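So the structure is just underneath, and the comments pick up after that.
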Amino acid sequence: MINQKKIHELFNYDPNTGIFTRKIKTTGKTKIGDIVGYDNKNGYKKISIDNKLYFSHRLAWLYIYGEWPEKGLDHINRNKSDNRICNLRLTNQSENMQNTIIRKNNTSGYKGVTFCKNTNKWISQITINYQHIFIGKYKTPQLAYEQYVQMAKKLHTHNSVVNV
């Protein structure tokens with residue numbers, strides 16, 4: 001596994017921008033000072049070191065703190081490519097999931113809200129520590145979402161973004 005010494009030899013990291021730049025010339029067209037890494041299909045930045053791919057946010061943590069993050073790392077502002085050190089925090093998987101965006105397959109337009117065809121109502125639910133908690137059934141998705149937000153403010157301790 002990569003260590004802090006090796007990453008310091010290879011790259012400069014700017015904690016204010018979250019950008020890694022090359023310190024040494026390697027092969028091909030690479031130049032000292034080049035920005036390294038690429039965006040993967042999920043929006044995360046990755047960097048190749050010795051033919052192995054690493055997530056840039058994990059390398060940023062290692063670069064600054066000298067240890068590989070054993071737990072999850074959360075992008076506080078939900079932007080997966082924003083690897084500024086102030087935007088990263090250690091979390092477990094459950095805490096990390098509190099700070100997610102609406103899924104692409106969401107049909108209600110609101111986080112935590114789904115439609116129940118059987119009752120013709122909107123269901124509000126939240127997940128804490130991998131447990132789904134039923135909040136209630138409502139006439140409109142807006143009402144269901146309002147209840148979700150109230151519950152999220154109480155239970156989602158790792159979601160600092162009020163706009164859940």
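Here are some notes:
- Label assignment, Cα Rg over 2.2 N^0.38 Å derived from the structure, set (1) 1.09; (2) 1.31; (3) 0.97: (2)
- Nearest 10 degrees, 0 to 90: helix 56-65 Cα axis against the chain principal axis: 70 degrees
- The stretch 118-130 - phi-based ³J(HN,Hα) in whole Hz, Karplus 6.51/-1.76/1.60, Gly and Pro as x: 4, 9, 6, 10, 9, 9, 10, 8, 9, 10, 10, 6, 6
- Each Lys or Arg adds one and each Asp or Glu subtracts one; over the other residues with Cβ under 14 Å from the Cβ of Y145, this totals +4.
- Taking Cβ atoms as reference points and 15 Å as the exclusive limit, the residues near I126 contribute a net charge of +3, counting Lys and Arg as +1 and Asp and Glu as -1.
- Out-of-range pairs (alpha-carbon distance over 19 Å; input K80/K154; K46/K104; K117/K154; K117/K137): K80/K154; K46/K104; K117/K154
- Between the helical axis of 141-155 and the longest alpha-carbon principal axis of the chain there is an angle of about 60 degrees.
- Using the average count of surrounding beta-carbon atoms within 10 Å as a protection proxy, the listed peptides 27-33, 142-148, 87-93 rank, highest first, as 142-148, 87-93, 27-33.
- A straight Cα-to-Cα reach below 17 Å connects K23 with the aspartates and glutamates E9, D14, D34, D50, residues fewer than 8 places away in its own chain not being considered.
- Summed residue charge, Cβ within 9 Å of L10's Cβ, Lys/Arg positive, Asp/Glu negative: +2
Bear in mind these aren't lab numbers, they're just calculated from the coordinates by the rules spelled out. From a predicted model like this one, the values you see are computed outputs, not experimental measurements. Positions of Cβ are generated from backbone atoms using ideal geometry, with glycine treated the same way; all protein chains shown enter the neighbour counts.
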